[in-house]
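Below you'll find the structure, written out as structure tokens, and then a few comments.
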Amino acid sequence: IHRMDRVVVKHTYREQNRVADVLAKEATKPTFLNRSSILSVPPMFVNDVFWADILGIDIVRIFVGCNMDTILQNIATLGVLQYP
């Protein structure tokens, strides 16, 4: 990147490119590790997400805030954490 001229790096939330997110998750499975594939059509496991992207169907992102109150509440709910 340093050698290229005028490169702009932008973050894209996974909700904005759900097909790429599903493909990346699938690529982490042992059957796909260390293999390259060129896809001419979307695989079956990505069809629902592919069409939802085309039709513009929104998926709400669930964000769980992490602060001391939620941590203490979770510990109180689960009980004291014990390590073996």
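The values are calculated or read from the model by the stated rules, or taken from the named source; none is laboratory data. Everything numeric in this text was worked out from a predicted model, so none of it was measured. Positions of Cβ are generated from backbone atoms using ideal geometry, with glycine treated the same way; all protein chains shown enter the neighbour counts.
Structure summary
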{"quantity": "Qualifying positions in the range 11-28 - exposed (fewer than 11 other Cβ atoms within 10 Å of the Cβ) and more than 20 Å from Ile57 (Cβ to Cβ)", "calculated": "His11, Thr28"}
{"quantity": "Close pairs from the range 46-71: first of a type in the set (S, T, N, Q), partner at pLDDT below 65 and part of a loop (DSSP other than H, G, I, E, B), Cβ under 8 Å, at least 6 apart", "calculated": "Thr70/Val64"}
{"quantity": "Residues within the range 29-61 that are within 19 Å of Tyr13 (Cβ to Cβ) and surrounded by fewer than 12 Cβ atoms within 10 Å (Cβ to Cβ), tallied", "calculated": "8"}
